[in-house]
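Here's the structure, in structure tokens; my notes come after.
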């Protein structure tokens, strides 16, 4: 469905039941948030067919950092999340994250770049590079991601970004 059609359905209230399935409160704020994200997507990429993704933040109740705890962490999803407005395209991955324009990645020329280690671009590139090494088909997409999760407070904003990118790629290109 075109971004403008989704925007119209949000404005008419038709999509409120869907949002109530995700958010337990502040539905009017969420409608406004989604409308703004879709409008921003259209401002950057034009009116194209879109998909919408929501990835919750997390709170570690017991333990911290699964990679340090051999996977033994008790975590819970929280109400704060990121939303991704995404349109599929053939070759380039273009991501705007909270108004930060991340360098586009050419899926036909994916290379490991040590100099970009630790950047959001490298997180996306690393996923694409790994899939490319396993001979998976990799295509492009345009994404506008808006994240409500505060940074550097232990609620998983960077993990959330990784999960959002993985979810988008998995859904668009149907990986096992």
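Give the residues of region 1-44 that are more than 17 Å from residue 148 (Cβ to Cβ) and in contact (Cβ under 8 Å) with a residue 60 or more places away in the chain, sorted by residue number. Within region 1-44, 3, 44 qualify. Taken together, the criteria place residue 86 among residues that are at pLDDT 90 or above and surrounded by 12 or more Cβ atoms within 10 Å (Cβ to Cβ).
Scanning region 104-148 for residues that are in contact with a strand residue (DSSP E or B) (Cβ under 6 Å, 6 or more places away or on another chain), at pLDDT 90 or above and part of a loop (DSSP other than H, G, I, E, B) yields one hit, 107. Taking the criterion of being out of contact with any helix residue (DSSP H, G or I) (no Cβ under 7 Å at 6 or more places or on another chain) and either part of a helix (DSSP H, G or I) or at pLDDT 95 or above (or both), the residues of region 15-38 that qualify are 17, 18, 28, 29, 32, 33, 36, 37. Among the residues of region 24-37, those identified as buried (at least 17 other Cβ atoms within 10 Å of the Cβ) and under 14 Å from residue 12 (Cβ atoms) are 31, 34.
Among the residues of region 95-123, those identified as surrounded by 12 or more Cβ atoms within 10 Å (Cβ to Cβ) and within 30 Å of residue 26 (Cβ to Cβ) are 95, 96, 97, 98, 102, 120, 123.
The values are calculated or read from the model by the stated rules, or taken from the named source; none is laboratory data. Predicted model, so just to flag it, every value in this text is computed and none were measured. Glycine also receives a Cβ, built like all others from the backbone with ideal geometry; neighbour counts cover every protein chain displayed.
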